[in-house]
Each structure stands twice: as C-alpha cells, then as structure tokens.
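Data first, discussion second: the structure below is written as structure tokens.
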Amino acid sequence: MSEGNMSRRGLLRNGALIGGLAAFGGALQTTPAAASSTTAVPRAAAQSAAGVVDIPNKYNVPFSVADDELFVFAANFKPFELGGNDQGREATRYFDTVFGDAIRAKFPNIKLKYATWDYPIRYEDIAKAGRVPDLILEDPRLRIDRDLEPLGWTQDVTGLVQQAGIDLTALNVGSVEQIKSRSDGGLYGVPLWIDESLLFYNKLIFDKFGVRYPTAGSTYDDVYKLAQKLTRQDGIHHYKGYMQHPDNYLAMNQLGLYPFVPGSSEQPAPEDVKVNLTSAEWKTVANNMYRFLMIPRNNFTTVDDFFKGDMSFPGHLAMAVNNLSKLNAYALSPYYVEEDDAAQFAEWAKSVKIGVTSMPVLSRGSKTIYQPDTRAAFIPPQSQHRDQALDVIKYLVSEEMQTRISSYGMKAVLKTDAVVNAFGTAIPELAAVDTSAVYWGDNAVIKNYQNTEYWDIPLYKVFRQHVLKDGMDVDSSLLVTETQDIPDYIKAQVARGLTW
C-alpha cells in the first residue's frame, strides 16, 4: 500500500531510509517541524473577548483558551494525534482516555483545555497568540533544545519539584538524567512515561524454519546468529532477519555514551561545541551494529518492515527493535491505530504472529537496554496556572496514575508491583501477547553530560551515509562524521540563526 493511500496520521507512513525518524528523533538535515527561532516570541495582546485568547491556525479552525483554563499542549507522541482530522474533529481521544478524564476526576475545580500538535495548532501559532501553555507534554531528548528553549518556555523546576514533594529518586533514573542532560545544569521537566524499545519477532517465520525464539536477556551475538539463519529465500518469498534503526542505536546507546565533550560552560558558543565519536567505546558500539547491516540481503530500510513498511509483502521481517507504542498498534488497539487505517492494519496482521522480548544486550548477564525514549511534563515560566500544573504533574507521577498509564500500554517511570502488574490490562488486544519483557532490564543512564550543550547533530551520517552509501568501514565513518560532518552542520545551522 502506498503512503498516499494511508490516512494523514497513519503510523506506518515512514519512507524507506528515514522510517521512524520523526518519532525516534533521527537527526536529519531538514527544517524542524516546530518553531525554531532563536529568540523567544513576546507575548501578544491577542484577546478577542474578556479573558479569552484566540489562537489562529493554518486550518482556520476556531481555537481559544480562557484565562481560567489550564492549557495543556502535547507533542511528539503519535497516539496523541489520532482521531483528529482537517474537517474539524480534534485529536483528544487518547489524551482524554489515558490522562484527561482521570485529571478531571481528581481535580474537579480545574478546567482543562487540551490540544496536540498539529491539529489545529502548532507551537508557532501558540507563540504568536501569546497564550503560552501551562503544561507541556514533550520529548525532552530532542525537543528541549529544538523547540522549548528557543521559545523561552523552559525553567529550572528543581525547587518546584521539591516544594511539591515529588521524589525524583523513585522515578526511572535514566529518564531523570536524560532531562538533566538537556537542562543546562538544572531540571527543566519531570518524566512521565517511556516509549520503550523492545525486540519484536514474528513467530510465524521462526516456526516456519524451526528456529527458537529470542528470550529476555538475549545478547546481540545471539540475535546476530538468528538474523543470519532467518535472512533467507523460500521460493518467491525473501525474508529479512533483523532491523534496528542505526541512528537510534547510536543516539540511545546502551553504554550511556554522550557525543559531546564537556567544556567550561553549560552553554558554550557554537564554535566551542566539541564531539567525540572515535573513542574505543564508540567504536565498540558501532562495530556491533555494523555486522547486522552487512548481512547479505538484510539491507536496512525501516524497522516498520516488521509489519509492512517498505517490503513488498507484509510479515517478511523476522525481528525488529521498535517502540512500545508500535506494539499496541500492531496488536490493533484502536487507541494506537487511526480509524482510517484499521482495516489495512488488520489485513497486515494476518501475516504476523507477534512475539516480543527485551531488546538485545551487549554482553551475557547484562540487563542494560537503551537510554529511555521519555515523555516528560514541562511548566513554562509564563504559565498562568503554575500551582495547578504542578499539582497535575505530582498526580501524574503518583502510583495511581502511573498504574493507569501502564494499563494503557505505556511503560511508566515509577516501577512498583502494582504498576508492572497493570501493564496492558486496559488494552484487550494485548491479552494474547507475552509482555513480561516491557519492564525487564534497566535503561542506560547518560553520562558525562555536565558542561555541554546539546545539538541535534547528524548521527545518520555514520551508518546511513558513510557505511550504507559510501561503503566506508566503521572507524573511517566515525572519524569523518566527527571531524567533518558535525562541525560543518553546526556552522550551517548557526548561519541559519539556530543554536541547537
């Protein structure tokens, strides 16, 4: 099925070599989807009536926020966008089901006003109108520097978190440190959930060729052997053994490696931003992925090949590392599949019998998985309802709400027996899938990030350009990316007026 035949928000609309980058944060040299001005946009007096601010948008859909409403804006988590369209139906289904209804029940005196990227409004629309959200749900790994900081919507909430009695030590360590790594020496947000990476496998292919399934704790060596066995031709059918997005593999690596070299300031001048991709650790990580990319006829396209993606036939990829939200979609949960895509997903599902376990680990006995693909809560300094927003965040990280989040098929940042046992219980489509691996292992913790500034550098150059297109070996690819591609990219972004 071509991309043009899928709904505007179909989860599998990814292109061949850039599949999944919007969701997973691959660093492509494209114009950011959200506002990228390096200057905070001043608040405008855009009130159309007493206490109400209209927010004009490209869809020409009426949207306004009243002064007494807690304005919540969510972005960069695909399920939030489902259910909306250009004919006036706003995308509120997922938020209301998982978050909104519970918040309203807990705080009956709070009037919620919710919107998600990009229908009907975007960051730039909000900034121009001058009614800054009171609470933002976002991807801290990429979007603090790309969107929130340029708009002047970040603040150190360390004191507010302490004041509210939020115990960060009880939350996922990798998520907390990830936010700190982007927060210029402070803490800009509070983690809420993780779109965890897991190893998906198609039991039909394993059964067809009499190969044992991977299990929790399988190493890359184990999975490499399986990938070799399952990359094979059977009549007119070609099966690929394994897909893992190489950009995400580097960016979220299991050693917690950070590409930026600590300097003397949390906010160095662009010309002072230095990277290191050529250490022995980086080479070890990169060579581990290289061998998978070199398996004959296992050429990388997109991890979405597990379901359909870019392959001619669905269900012809044996294994793929992909995100938890995709598991819910592949299981055909209506909370994770656009209504217009449901019939096509159901057809593809006939070729896939889903198995899922932990993503591979680097060595036998290790339990370290990727750095977390976190979504976090942010309170902009311009919030008109800071205390209410803080109350909501405290509630969202409580065991009650973390259990609810887990029940709807997301990995919570609070790991208690109640939270773990609740996973997927509100998603009946997951009943036939063993999801015990969702909370298996420990997320890698980013290290050596102090006195650095995060830039959205083009890590895709390492594998997708220099290895897969140029034919370079790993050491050469890392060296060229470190010494040429990244410095040139930073210079080009500075010339455009950008500082991330």
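Annotations
- The set of residues from the stretch 91-102 being surrounded by fewer than 21 Cβ atoms within 10 Å (Cβ to Cβ) and not hydroxyl-bearing (S, T, Y) comprises R93, D96, G100, D101, A102.
- Only one entry in I166, I179 is touching a Pro at 6+ places or on another chain (Cβ under 9 Å) and under 23 Å from L135 (Cβ atoms), namely I179.
- Failed item in (1) open to solvent by 20 Å² or more (accessible area, probe 1.4 Å); (2) within 24 Å of E399 (Cα to Cα); (3) in contact with a helix residue (DSSP H, G or I) (Cβ under 8 Å, 6 or more places away or on another chain), with D134 passing the rest: (1)
- Residue, farthest from I369 (Cα to Cα), within the stretch 424-438, restricted to residues that are in a loop (DSSP other than H, G, I, E, B) and open to solvent by less than 20 Å² (accessible area, probe 1.4 Å): I427
- Residues that are touching a Ser or Thr at 6+ places or on another chain (Cβ under 6 Å) and among the hydrophobic types (A, V, I, L, M, F, W, C), drawn from the stretch 402-418: A412, V413, A418
- Flag for D156 being more than 27 Å from Q493 (Cβ to Cβ) and at pLDDT 95 or above: no
- For the stretch 272-281, the criterion of being over 22 Å from the mean Cα position of the chain (by Cα), more than 30 Å from A495 (Cα to Cα) and not acidic (D, E) is satisfied by at least one residue.
- Failed condition for I55, given (1) open to solvent by less than 40 Å² (accessible area, probe 1.4 Å); (2) more than 24 Å from the chain's Cα centre (by Cα); (3) at pLDDT below 95: (3)
- Where helices (runs of 4 or more DSSP H) fall entirely within the stretch 192-278, those with at least 1 residues that are open to solvent by 10 Å² or more (accessible area, probe 1.4 Å) and either at pLDDT below 95 or acidic (D, E) (or both) are at 203-208, 220-230.
- Checked against (1) touching a Pro at 6+ places or on another chain (Cβ under 6 Å); (2) of a type outside the set (F, W, Y); (3) part of a helix (DSSP H, G or I), V132 meets all criteria but (3).
- The stretch 390-423: number of residues that are within 19 Å of P140 (Cα to Cα) and open to solvent by 40 Å² or more (accessible area, probe 1.4 Å): 1
So that you can scan it fast, the table gives a plain yes or no per residue for (1) in a helix (DSSP H, G or I); (2) of a type in the set (G, A, S):
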{"position": "G309", "(1), (2)": "no, yes"}
{"position": "S325", "(1), (2)": "yes, yes"}
{"position": "N328", "(1), (2)": "yes, no"}
{"position": "L332", "(1), (2)": "no, no"}
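- Residues of the stretch 279-307 satisfying the condition of being open to solvent by less than 70 Å² (accessible area, probe 1.4 Å) and outside any helix (DSSP H, G or I): S279, I295, N298, F300, T301, T302, F307
- Any hit, the stretch 461-471, residues being under 26 Å from E177 (Cβ atoms), modelled with pLDDT of 95 or more and open to solvent by less than 10 Å² (accessible area, probe 1.4 Å): yes
- The residue that is nearest to K113 (Cα to Cα), counting only those in the stretch 136-162 that are part of a loop (DSSP other than H, G, I, E, B) and of a type in the set (S, T, N, Q), is T154.
Okay, residues lined up against (1) of a type in the set (V, I, T); (2) on the phi > 0 side of the Ramachandran plot:
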position: N448; (1), (2): no, yes
position: D456; (1), (2): no, no
position: F463; (1), (2): no, no
position: L478; (1), (2): no, no
position: I486; (1), (2): yes, no
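- Residue tally, condition of a type outside the set (G, A, S) and open to solvent by 10 Å² or more (accessible area, probe 1.4 Å), over the stretch 372-389: 7
- Condition check for K447: more than 25 Å from the chain's Cα centre (by Cα), open to solvent by 10 Å² or more (accessible area, probe 1.4 Å) and either closer than 27 Å to L148 by Cα or not charged (D, E, K, R) (or both): no
- Selection over the stretch 390-423 of residues that are part of a helix (DSSP H, G or I), β-branched (V, I, T) and free of Cβ contacts under 8 Å to residues at least 40 places away in the same chain gives a count of 3.
Every residue, every condition in (1) surrounded by fewer than 24 Cβ atoms within 10 Å (Cβ to Cβ); (2) in contact with a Ser or Thr (Cβ under 6 Å, 6 or more places away or on another chain), yes or no:
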residue	(1), (2)
E138	no, no
I144	no, no
L151	yes, no
Q155	yes, no
V161	yes, no
L171	yes, no
S175	no, yes
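- Whichever residue in the stretch 334-365 is among the small types (G, A, S), outside any helix (DSSP H, G or I) and out of contact with any Asp or Glu (no Cβ under 9 Å at 6 or more places or on another chain) and, among such residues, is least open to solvent (accessible area, probe 1.4 Å): S358
The values are calculated or read from the model by the stated rules, or taken from the named source; none is laboratory data. All of these numbers come straight from a predicted model, not from anything done at the bench. A quick note on method: Cβ atoms are made from the backbone with ideal geometry, for glycine too, and the neighbour counts reach across all protein chains shown. Heavy atoms of the whole protein, side chains included, go into the accessibility calculation; ligands, DNA and RNA do not. Shrake-Rupley method; radii C 1.70, N 1.55, O 1.52, S 1.80 Å.
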